[in-house]
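**Student:** Below is one structure. I have some questions about it.
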Amino acid sequence: MASNPTLSSATSQHSSRTATASSTGPPTSSSPDHRMGFLIPMMRTGIVTANPADVEHILRANYPKGEHAISMLRDFLGDGLFNSDGKQWLWQRKNASLEFTKRSLRKFFVDVVQAEVAGRLLPLLRRNASTAGDGGGVLDLQDVLERFAFDTICMVAFGHDPSCLTDGGVVAEARSDFMHKFGEAQDLIVGRFLEPIEVSWKIKKWLNVGTERRLKKAIADVHAFDMGIVRARRSQSASSLDDSRDDVLSRFVASDEHSDEVLRDIVLSFLIAGRETTSSALTWFFWLVSSRPGVVSRIADEVRAVRESTGTNAGEPFGLDAIRDMHYLHAALTESMRLYPPVPIDSQSCAADDTLPGGTHVGAGWQVTYSAYAMGRLEAIWGEDCAEYRPERWLGDDGAFRPDSPFRYTVFHAGPRMCLGKEMAYVQMKSIVASVLEEFVVDVDKDVAGGGVPEHVLSVTLRMKGGLPVQVRRKDGAAAK
Ligand code: HEM
């Protein structure tokens, strides 16, 4: 998701705004309406809000991403789902939504995730646990989770397995070239939004120097790779009429309505969406629960109970129903993302002069940014204990998960452009946590952030600066594998 256009622009404006507005304090917790405006010479005028009524207004009305943000990402993402508005967006959204509701795509996703857990993640952790104490054993869990997410989203988006996480060898040696190039292109294009003067990246692009030169090369490499797969899939489906493949690309190829470039852009949008979001969520989750043994043991109890009710044994894959039955784990992840949302800010553009519910004027062309990070920490929304990590706030008296309004809990966006992969994301995250905590104890390196809160990387997803070093130990009694 890291190159999401609206998010990227939000990042840049957020950073520049914070600098200018520091004298007026934080935008949300100390302003009564949880909203502030900013007018910076040479920059676009905008509003940052954490007010649920504002968020509902802009997202229900489907404020567009806007040509400004879209044009900055077009070199990389073309007109894919993530980087389009209006009709371009609508037809892709309709088709993708249809596919996402199909049982076959969900089953495919569950199978891909379970295979990655059983065939790569758990063997890697087992090997790592066995070397702990021999001077080895420290793993960057964020890196492992990012590799996991990239493998699975590539499989789902275009049926390609980049094998970023292998079941053997040192993790760093397994870095796939495609993942590396993709990350480079994404980071460099996000860098455009961070330039203090907007015109500077355009000049560099025109002169073909510096970061723009590297970006051009990285984009060319990613596009060539992606295009190779698109073309191969098209000729495969034409020759063998193979409709047995379940990935998103095959589904779009089957309709035979789109050019290779359009298909390439669709695939890229999915890679962006799934690349760093679940890994960010899980990195913060594992860090949070590492100092909360009570939460870890409740999750382990729930997993044990689900094993009993489904008649499966530890180490076996969880079926979709078993995953859905894990309500406490669902709540624990939801609560973790409330405090550490993978997409911390998101920005839209105002198409025509408008008025927010409280009466604030918004001019045409202004950026309106909402901060999921600020909203997740507001007493006005979550009550006095808003700063506490408390999964129970998401559970009803019967122990079942109780969702909140997406306009208050904006982690997955809301309205017509709400995240399409939310359910899949939970399936992936729950499968990983349940499988890992069933077999291992995860100890976060005591020196991480000197015992304080780790720093974030300034990016569109909430990545942890320096990664998350952990050591894993097999639990007493975990079956030898
Ligand atoms: C914890 C994990 C995830 C979080 C927090 C998350 C969050 C979000 C957010 C905030 C947006 C709105 C972005 C914008 O338009 O500005 C979004 C859109 C989207 N997400 Fe996710 N996402 C997650 C995982 C996934 C996964 C795994 C997939 C794919 C399988 C996915 C697919 C999409 C798609 C396709 C959109 C674009 C929807 C549209 O523009 O109509 N997401 N997501």
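**Student:** Has region 271-278 got any residue that is over 19 Å from the mean Cα position of the chain (by Cα) and outside any helix (DSSP H, G or I)?
**Tutor:** There is no residue in region 271-278 that is over 19 Å from the mean Cα position of the chain (by Cα) and outside any helix (DSSP H, G or I).
**Student:** Return yes when ARG463 is more than 16 Å from the ligand (Cβ to nearest atom), among the charged types (D, E, K, R) and touching a helix residue (DSSP H, G or I) at 6+ places or on another chain (Cβ under 8 Å) and no when it is not.
**Tutor:** no
**Student:** If you check ALA400, ALA352, ALA380, which single one turns out to be touching a residue at least 60 places away in the same chain (Cβ under 8 Å) and over 26 Å from ASP301 (Cβ atoms)?
**Tutor:** Result of the check over ALA400, ALA352, ALA380: ALA380.
**Student:** Inspect region 289-300 for any residue being part of a helix (DSSP H, G or I) and either on the phi > 0 side of the Ramachandran plot or under 20 Å from the mean Cα position of the chain (by Cα) (or both) and give the result as yes or no.
**Tutor:** yes
**Student:** What residue, among those in region 30-53 that are in contact with a Leu (Cβ under 8 Å, 6 or more places away or on another chain) and surrounded by fewer than 19 Cβ atoms within 10 Å (Cβ to Cβ), is modelled with the highest pLDDT?
**Tutor:** Here the residue is ALA53.
**Student:** Suppose we keep only residues that are in contact with a helix residue (DSSP H, G or I) (Cβ under 7 Å, 6 or more places away or on another chain) and among the aliphatic types (A, V, I, L, M) within region 126-144. Which one would you say is farthest from LYS430 (Cα to Cα)?
**Tutor:** Pass one, region 126-144, residues in contact with a helix residue (DSSP H, G or I) (Cβ under 7 Å, 6 or more places away or on another chain): 137, 139, 141-144.
Narrowing further to those that are among the aliphatic types (A, V, I, L, M): 139, 141, 144.
Numbers: LEU139: 21, LEU141: 16, VAL144: 16 Å.
Of everything passing the filter in region 126-144, LEU139 is farthest from LYS430 (Cα to Cα).
**Student:** When region 194-230 is examined, which residues are found to be among the hydrophobic types (A, V, I, L, M, F, W, C) and closer than 22 Å to GLU261 by Cα?
**Tutor:** If the condition is that a residue be among the hydrophobic types (A, V, I, L, M, F, W, C) and closer than 22 Å to GLU261 by Cα, then LEU215, ALA218, ILE219, ALA220, VAL222, ALA224, PHE225, MET227, ILE229, VAL230 are the ones that fit.
**Student:** What number of residues within region 62-107 satisfy the criterion of being on the phi < 0 side of the Ramachandran plot, touching a helix residue (DSSP H, G or I) at 6+ places or on another chain (Cβ under 8 Å) and more than 13 Å from the ligand (Cβ to nearest atom)?
**Tutor:** Summing the residues that are on the phi < 0 side of the Ramachandran plot, touching a helix residue (DSSP H, G or I) at 6+ places or on another chain (Cβ under 8 Å) and more than 13 Å from the ligand (Cβ to nearest atom) in region 62-107 gives 6.
**Student:** In region 149-176, how many residues are modelled with pLDDT under 85 and not small (Gly, Ala, Ser)?
**Tutor:** Adding up the residues that qualify gives 6.
**Student:** Out of (1) touching a strand residue (DSSP E or B) at 6+ places or on another chain (Cβ under 7 Å); (2) at pLDDT below 95; (3) more than 14 Å from the ligand (Cβ to nearest atom), what's the single condition that is false for PHE401?
**Tutor:** Result: PHE401 passes all but (2).
**Student:** Taking ARG408 as the residue in question, decide whether it is modelled with pLDDT of 95 or more and in contact with a Gly (Cβ under 6 Å, 6 or more places away or on another chain). Before you say what the answer is, go through the steps one by one.
**Tutor:** On the way: modelled with pLDDT of 95 or more: yes; in contact with a Gly (Cβ under 6 Å, 6 or more places away or on another chain): no.
So ARG408 does not fit the description; no.
**Student:** If the requirement is being over 29 Å from GLY46 (Cα atoms) and part of a loop (DSSP other than H, G, I, E, B), which of these qualifies: ALA305, ALA351, ALA314?
**Tutor:** On the way: ALA305 fails: part of a loop (DSSP other than H, G, I, E, B); ALA351 fails: over 29 Å from GLY46 (Cα atoms).
Selected residue: ALA314, the only one of ALA305, ALA351, ALA314 that is over 29 Å from GLY46 (Cα atoms) and part of a loop (DSSP other than H, G, I, E, B).
**Student:** Condition (residue is more than 15 Å from the ligand (Cβ to nearest atom) and either among the charged types (D, E, K, R) or touching a helix residue (DSSP H, G or I) at 6+ places or on another chain (Cβ under 7 Å) (or both)) applied to region 277-288: is it met by at least one residue?
**Tutor:** no
**Student:** Still on this structure, I have one more. Looking at (1) over 30 Å from SER250 (Cβ atoms); (2) within 15 Å of the ligand (Cβ to nearest atom); (3) modelled with pLDDT under 85, which one does SER3 not meet, given that it meets all the others?
**Tutor:** (1)
**Student:** So, one more: May I ask you to verify whether ASP321 is charged (D, E, K, R) and crowded, with 24+ Cβ neighbours inside 10 Å?
**Tutor:** For ASP321, the condition - charged (D, E, K, R) and crowded, with 24+ Cβ neighbours inside 10 Å - is not met.
**Student:** Still on this model: Name the residue that is farthest from GLY119 (Cα to Cα), counting only residues in region 448-460 that are at pLDDT 80 or above and out of contact with any helix residue (DSSP H, G or I) (no Cβ under 8 Å at 6 or more places or on another chain).
**Tutor:** In this case the residue turns out to be GLY452.
**Student:** Next question, about the same structure. Which residues, taken from region 408-451, are more than 16 Å from the ligand (Cβ to nearest atom) and in a loop (DSSP other than H, G, I, E, B)?
**Tutor:** ASP445, LYS446, ASP447
**Student:** Then there's this: Filter region 46-78 down to residues that are over 20 Å from LYS216 (Cα atoms) and assigned to a helix (DSSP H, G or I), then give me how many there are.
**Tutor:** Total satisfying the criteria: 10.
**Student:** Go through region 100-117 and give me each residue that's of a type outside the set (Phe, Trp, Tyr) and either over 17 Å from GLU316 (Cα atoms) or not in a helix (DSSP H, G or I) (or both).
**Tutor:** Scanning region 100-117 gives THR101, LYS102, ARG103, SER104, LEU105, ARG106.
**Student:** Separate question: Please verify whether region 204-211 includes one or more residues that are within 16 Å of the ligand (Cβ to nearest atom) and at pLDDT 85 or above.
**Tutor:** Within region 204-211, the first condition is being within 16 Å of the ligand (Cβ to nearest atom), and the residues that meet it are none.
No, every residue in region 204-211 fails to be within 16 Å of the ligand (Cβ to nearest atom) and at pLDDT 85 or above.
**Student:** Out of curiosity, is TYR328 of a type in the set (Phe, Trp, Tyr), within 30 Å of SER297 (Cβ to Cβ) and more than 15 Å from the ligand (Cβ to nearest atom)?
**Tutor:** When the stated conditions are applied, TYR328 passes them.
The values are calculated or read from the model by the stated rules, or taken from the named source; none is laboratory data. Treat the numbers as computed from the prediction; the structure is a model and nothing was measured. All Cβ positions, glycine included, derive from the backbone under ideal geometry; neighbour counts span all protein chains shown.
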